[in-house]
């Protein structure tokens with residue numbers, strides 16, 4: 001998650017100048033996309049050939065220079081100078097000073113500032129969505145939709161800014177009452193992943209801000225331009241309100257910055273979104289200092305279709321959940337359990353639906369399926385397909401790399417595996433769907449829960465009793481438990497997150513705001 005591939009990095013000499021040409025990536029020798037006429041819109045977001053990746057009231061950066069690439073063609077977009085450890089130290093100090101100002105601002109006024117951030121994002125929603133498609137690789141409607149999620153959570157946070165608080169409780173002492181007082185934790189560190197480079201920061205940032213916290217953001221190195229562009233929009237709002245820019249700080253960087261955040265006692269809450277493997281390391285580092293962490297980690301999500309399911313709902317829902325964002329959502333459907341009486345029919349319908357998927361450049365409005373984010377992801381896809389075959393699976397659709405520029409792979413359907421096959425219990429961030437037959441409810445509910453992750457799940461049925469058993473204590477053990485809709489996607493009004501190896505964190509709506517505050521009983 002934090003590691004920057006060596007070939008993307010350029011060491012910076014102490015004087016701030018780039019080192020010799022032997023250390024420069026090919027991007028320095030070729031034309032960056034930002035300099036091509038069709039990508040001139042990037043400059044409307046304040047982006048340049050080389051961008052400073054540190055913001056704490058002013059822009060800077062003394063770390064490595066990395067180049068970000070377009071997954072659709074692997075061409076270089078632009079460069080971002082990352083944070084050094086010294087930049088990080090300076091930024092944390094400025095953020096904590098900014099908190100002294102921000103914590104004194106009344107919560108409804110904080111909500112007004114967040115409202116303005118939402119409006120500023122709304123004004124740039126199309127162009128930011130274009131950038132998400134270009135740098136992350138998701139299709140345009142998803143790129144724009146991701147920015148819309150940030151806008152929506154800003155709207156939600158505005159109302160919440162007038163409602164956060166605790167109850168007044170009866171006291172055993174005559175003439176007394178108990179007051180539950182909620183206060184901000186202080187500095188919230190936010191480490192986000194490449195697959196949702198805008199929305200996940202938004203879920204954390206908007207809620208943390210109205211609670212009275214300041215934020216320090218480290219996005220994925222491969223989506224650094226998005227982090228810079230979003231921060232520029234927020235910085236303008238803070239400046240217009242004569243507030244310290246360090247309220248919403250940015251330190252683009254790799255493992256060194258992520259580790260510093262996890263170990264830093266000055267970071268009162270660390271929100272981490274990424275793999276379970278890295279999340280475990282984060283949790284241990286934070287726990288070692290008795291800090292707080294909010295973890296949004298892996299998912300190995302299942303859809304279950306019973307014999308009474310409406311197949312006209314099942315097939316498009318599975319398609320959307322399995323191939324949306326090219327299988328790179330934490331809520332992507334990776335397992336499909338079909339009652340034995342409908343298995344063959346659903347598989348045949350799915351194959352026909354997969355054949356109709358429109359593949360192309362993700363920023364083209366009629367495209368439904370784009371590339372994987374990196375070449376490394378393509379390699380992991382191929383390895384998973386081979387592992388599935390070795391364990392007895394049959395590839396009934398896809399399974400290959402597409403013959404076109406970029407990181408495109410065929411969306412893939414695999415049948416014939418045992419429900420407990422090791423590959424089916426491994427989250428592969430790629431569009432691979434494993435399909436299984438089941439006989440009865442008790443069996444399939446147990447299969448849904450047998451994986452280590454516990455993020456999202458869904459059943460398709462008309463049986464009301466079964467629906468309530470699915471929602472109950474012996475049903476799904478996931479944080480998101482759906483009925484007759486896909487596993488992917490979530491509404492900002494509910495608390496988003498999962499159980500077990502997914503980390504247990506909750507973001508966005510409901511009472512997730514409590515994770516960004518500390519409680520006192522008075």
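Every number here is computed from the coordinates shown, using simple stated rules; none is lab data. The shown structure was predicted, so the numbers you read here are calculated from the model rather than taken from an experiment. Note that we place each Cβ from the backbone using ideal geometry, even for glycine, and neighbour counts take in every protein chain shown.
Provide 66, 432 in ascending order of the number of other Cβ atoms located within 10 Å of each residue's Cβ, fewest first.
Values: 66 25, 432 28.
Ascending Cβ contact count within 10 Å gives the list 66, 432.
If you rank 146, 135, 172, 391 by fewest surrounding Cβ atoms within 10 Å, what's the result?
Details: 146 25, 135 28, 172 6, 391 16.
Going from sparsest to densest Cβ surroundings: 172, 391, 146, 135.
What percent do you get for the relative contact order of segment 75-233 when only Cα pairs under 8 Å and 6+ apart count?
In percent, rounded to a whole number, it is 29.
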When the distances between all Cα atoms of segment 301-491 are binned every 10 Å from zero, what whole-number percent does each bin get? 10, 40, 37, 13, 2
Between segment 327-360 and segment 256-272, the alpha-carbon center distance in angstrom: 39
Rounded to the nearest 500, the 222 nm mean residue ellipticity computed for the chain from DSSP H runs (n ≥ 4, each -39500 (n - 2.57)) alone is -11000 deg cm²/dmol
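Just check segment 381-465 against the gyration tensor rule for me: Cα atoms, a ≥ b ≥ c as the square roots of the eigenvalues, rounded for a/c under 1.5, and otherwise prolate or oblate depending on whether a/b exceeds b/c.
Taking the square roots of the gyration eigenvalues as a ≥ b ≥ c, segment 381-465 is prolate.
At 1.567 mPa s and 4 °C, plugging the Kirkwood radius over alpha-carbon pairs of the chain into Stokes-Einstein gives what diffusion coefficient in µm²/s?
Working: Rh = 23.8 Å.
The diffusion coefficient I find is 54 µm²/s.
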Using a 10 Å cut-off around each Cβ, can you sort 290, 194 from fewest to most neighbouring Cβ atoms? 290, 194
Just want to confirm a number: the relative contact order over segment 301-491, from Cα pairs under 8 angstrom separated by 6+ residues, in percent. 30
One finds the C-alpha centres of segment 389-440 and segment 465-522 to be spaced, in Å, by 27
Find how many whole Å separate the alpha carbon centroid of segment 146-163 from the alpha carbon centroid of segment 83-145. 13
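Please say if segment 71-115 is rounded, prolate or oblate, where rounded means a/c under 1.5 for a ≥ b ≥ c the square roots of the C-alpha gyration tensor eigenvalues, and otherwise the choice is prolate for a/b larger than b/c and oblate otherwise? List each step's numbers first, then the result.
Details: a/c = 6.31, a/b = 1.67, b/c = 3.77.
Oblate is the answer for segment 71-115, as a/c is 1.5 or above yet b/c matches or exceeds a/b.
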